[in-house]
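The values are calculated or read from the model by the stated rules, or taken from the named source; none is laboratory data. Predicted model only: the values in this text are computed from it and were never measured. Neighbour counts are summed over all protein chains in view; Cβ atoms, including those assigned to glycine, are modelled from backbone coordinates with ideal geometry.
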Amino acid sequence: MLTDEELRDAVGFGLTPDEVRTWAPFYPLEAYWAKKHHLAPETARLWAEHGVPIRDTVKAAAVGLTLNEIDRWVGEGFTAADASEAKETGVDIAQVVAWRQAGFIAPDALQLIRDGWELGEATAARYAGVDRYGVSSDPA
Amino acid sequence: MLSEDKNLLLCQTGPATPMGELLRRYWQPIAAVAELDDRPIKPVRLLCEDLVLYKDRQGSHGLIDLHCPHRRADLSYGFVEERGLRCNYHGWLWDESGQCLHQPFEETTHPEGRFKEKVRIKAYPVQAMAGLLWTYLGPPPAPLLPDWDMYHARGYKQVVFSEVPCNWFQCQENSIDPVHFEWLHTNWSQVLRGEQGPRAPKHTRLGFDEFDYGFVYRRVREDTTAQDELWTTGRVCLWPNCLYTGHFEWRVPIDDGNTLSVGWFLDPLPGDQPFEQARVPYWYSPVRDPDTGRWIDSHIMNQDFIAWVGQGTIADRTREHLGESDRGVILMRKKMFEQLEVVKNGGDPLGTIRDAEKNHSVHLPVVGGLPRSVPPGQDGPPRFPFLAGQPREIVNELQQLWAELSGVGSEQAGV
């Protein structure tokens, strides 16, 4: 059963009543996004059971990520979005864990990696101007 | 954290810069329609370009170079004619297409030279919608000016401008930063009122979705659940430089160190009889307290301004430490970098509309939905909470409307 706002969203996103029923209990915007990216409702439901929202399922499909891989990332405390972005960037879990231990959340770390940063220099750079004697730049 | 070159990529908006090229693919609001009705010439600095907006006597709007191509005089001191804007220095006359229509001395002494046909001025298209004037600075053909569904909702509309002395991108990052509501607007407001607490309910969960016109962010607080509209509907970070929460807040780059905040607001009105607003009023909101020289902190968007300018004229993202609350900000930056590449490769970036069939009352999700209705128990227009300095005549006009539409005496409606 949709709320009034969800019903308006469904109409606004061009969903038919059949589509709303087919995609329940996803929100209209999610159903619209899934439809736009040719994601099957069964796939969306299966991934949702693993805690993966529609946007991340679409992204995972685009980068060729499996549910097993997602589960491994989630098991390490990352999100499905982190997993897709890491795959897209060509980085494995161990690397992102290392960045996380140095205080960089995954999407921040992945942006830096894409920009050509090494962990050591990024860590030193973020503390530049904070600690002139370099104590803080050692995460240990 | 970003490297310095990446930071500048997001912040530089002049011609031929990557972000300047991206933002030039979208219509930008630059003035209120009523503003040009009141005064037909307005200098406009937009995306580091100095321009002049005018409305000629036959009602056409034009946006042309601020400087006359003759000897560079300032056309904002010119005067409008039946058609076009005339320079006050030697009388050259320009139309909205950039064509020179008249060169008085040249045409007197050398009419055969047809010099006016050989001189042009930079000119950009202007369109009116929702009480605002919009321009497009990109290559032709221009996409369609989006016709959002909220423009058609019943209510009292007003447009508010503020000039914020910082870069546009830190303003737009605020559009996808849910946790700041808890601190900047709720907890700090409590402190400003002298209250000791309790503090606002904490955010416990954030979610982000993409759609054709940007992102939707969802949130759950200690006092809400995933059944609440804050999660089920969410709020829109409208691509590329707007926040939509039932009202619009565009962050329009004046140049790399200044942003024009353009707010478009709709107040629900009582009753259900048709209501057409002949003129959408506009006003300029001050950002500094003239007595103290400090930023005004009494209203929601003023509080946002304080956060933005506090980050520096251009936020130094080489020195930031991003946390879990910044996932939306990082998501938006990544999308910006992707879209810079799209434009560089000759593509149409996210959110541009070219199909006229699809550009009718385009839907945007909003908590509370459409149509906007007056909350139960409300018997007069609420105080305007967003920006400081709302003029008394707008307060009065809204109260008068309430009195007329609710059938109560003007005194009861607060007039």
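Details
- Qualifying residues in the stretch A:1-13 (those that are assigned to a loop (DSSP other than H, G, I, E, B) and within 11 Å of chain B (Cβ to nearest Cβ)) - the one surrounded by the most Cβ atoms within 10 Å (Cβ to Cβ): A:Phe13
- Residue, nearest to B:Asp272 (Cα to Cα), within the stretch B:339-366, restricted to residues that are away from every other protein chain (no Cβ under 11 Å) and of a type in the set (D, E, K, R): B:Glu357
- Filter result for A:Thr16 (out of contact with any helix residue (DSSP H, G or I) (no Cβ under 6 Å at 6 or more places or on another chain), surrounded by fewer than 18 Cβ atoms within 10 Å (Cβ to Cβ) and either in contact (Cβ under 8 Å) with a residue 24 or more places away in the chain or within 10 Å of another protein chain (Cβ to nearest Cβ) (or both)): no
- Neighbours by Cβ (under 9 Å, 6+ apart or cross-chain): first from the stretch A:101-121, more than 10 Å from chain B (Cβ to nearest Cβ); second part of a loop (DSSP other than H, G, I, E, B) and surrounded by 22 or more Cβ atoms within 10 Å (Cβ to Cβ): A:Leu119/A:Phe104
- Close pairs from the stretch B:64-80: first in the same structural domain as B:Gly91 (by TED's automatic domain parsing), partner assigned to a strand (DSSP E or B) and among the aromatic types (Phe, Trp, Tyr), Cβ under 7 Å, at least 6 apart: B:Ile64/B:Trp94; B:Val80/B:Tyr54
- Within the stretch B:156-204, the set of residues being assigned to a strand (DSSP E or B) and either outside the structural domain of B:Trp402 (by TED's automatic domain parsing) or touching a residue at least 24 places away in the same chain (Cβ under 8 Å) (or both) comprises B:Tyr156, B:Lys157, B:Gln158, B:Val159, B:Val160, B:Phe161, B:Ser162, B:Glu163, B:Val164, B:His203.
- Once the stretch B:294-306 is narrowed to residues that are assigned to a loop (DSSP other than H, G, I, E, B) and among the charged types (D, E, K, R), the residue that is surrounded by the most Cβ atoms within 10 Å (Cβ to Cβ) is B:Asp297.
Residue by residue, here is whether (1) in contact with a Ser or Thr (Cβ under 6 Å, 6 or more places away or on another chain); (2) within 20 Å of B:Glu249 (Cβ to Cβ); (3) part of a loop (DSSP other than H, G, I, E, B) holds:
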position: B:Thr318; (1), (2), (3): no, no, no
position: B:Glu341; (1), (2), (3): no, no, no
position: B:Glu357; (1), (2), (3): no, no, no
position: B:Gly368; (1), (2), (3): no, yes, yes
position: B:Val374; (1), (2), (3): no, no, yes
position: B:Asp379; (1), (2), (3): no, no, yes
position: B:Phe384; (1), (2), (3): no, yes, yes
position: B:Ala388; (1), (2), (3): yes, yes, yes
position: B:Leu401; (1), (2), (3): no, no, no
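- Flag if B:Thr224 is outside any strand (DSSP E or B), out of contact with any His (no Cβ under 6 Å at 6 or more places or on another chain) and modelled with pLDDT of 95 or more: yes
- Filter pass, A:Ala40 being over 12 Å from the mean Cα position of the chain (by Cα) and surrounded by 15 or more Cβ atoms within 10 Å (Cβ to Cβ): no
- Qualifying positions in the stretch B:12-46 - surrounded by 21 or more Cβ atoms within 10 Å (Cβ to Cβ) and within 14 Å of B:Ile314 (Cβ to Cβ): B:Thr13, B:Met19
- Selection over the stretch B:239-262 of residues that are crowded, with 20+ Cβ neighbours inside 10 Å and not aliphatic (A, V, I, L, M) gives a count of 13.
- Residue count, the stretch B:271-293 (criterion: exposed (fewer than 10 other Cβ atoms within 10 Å of the Cβ), under 15 Å from B:Lys157 (Cα atoms) and of a type in the set (D, E, K, R)): 1
- Leading residue by the ranking (nearest to B:His185 (Cα to Cα)) among those in the stretch B:367-391 that are within 14 Å of chain A (Cβ to nearest Cβ) and modelled with pLDDT of 85 or more: B:Val367
- Among the residues of the stretch B:305-335, the one identified as among the polar types (S, T, N, Q) and under 21 Å from B:Arg219 (Cα atoms) is B:Ser325.
- Summed over the stretch B:31-63, residues that are assigned to a loop (DSSP other than H, G, I, E, B) and without any contact (Cβ under 8 Å) to a residue 12 or more places away in the chain total 2.
- Selection count where residues are in a loop (DSSP other than H, G, I, E, B), under 16 Å from the mean Cα position of the chain (by Cα) and under 19 Å from B:His247 (Cβ atoms), scope the stretch B:130-155: 5
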